[in-house]
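The values are calculated or read from the model by the stated rules, or taken from the named source; none is laboratory data. All figures in this text were calculated on a predicted structure; none of them were measured in a lab. A quick note on method: Cβ atoms are made from the backbone with ideal geometry, for glycine too, and the neighbour counts reach across all protein chains shown.
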């Protein structure tokens, strides 16, 4: 078995960090934990997890196909958490795009806790 560090930057092994959350064996206990698992889901192309962790009322704004295309067209380099509150996470996601150009996605994401589960609501993007 290959042991790899988690994509989210926690320094834990993926199998003991985000993978059990993505696979549905564990819950994200905080908005930050959900953010980290969602980043790992982009890196591992787990589009179904990204879909089900988006607030139901917001899913109309997204397409599974577009999510998957964006996830697979980029090489995910690292996640940097800038600041986290109870229901927001500011982060920078570093990636290399399909033209092999280094990019940074800087976002302030909002999350909502419903029935004991955290969901992504939306994000404010920075240049």
>> Can you go through 28, 40, 109 and tell me which one is assigned to a helix (DSSP H, G or I), modelled with pLDDT of 95 or more and closer than 22 Å to residue 124 by Cα?
In response: 40
> Could you count how many residues in segment 81-112 are surrounded by 14 or more Cβ atoms within 10 Å (Cβ to Cβ) and in contact (Cβ under 8 Å) with a residue 40 or more places away in the chain?
Replying inline: 10
> Would segment 66-73 turn up any residue that is over 12 Å from the mean Cα position of the chain (by Cα), part of a loop (DSSP other than H, G, I, E, B), in contact (Cβ under 8 Å) with a residue 24 or more places away in the chain and closer than 26 Å to residue 4 by Cβ?
Replying inline: yes
> Which condition does residue 115 not pass, out of (1) surrounded by fewer than 12 Cβ atoms within 10 Å (Cβ to Cβ); (2) within 17 Å of residue 40 (Cα to Cα), if it passes all the others?
Replying inline: (2)
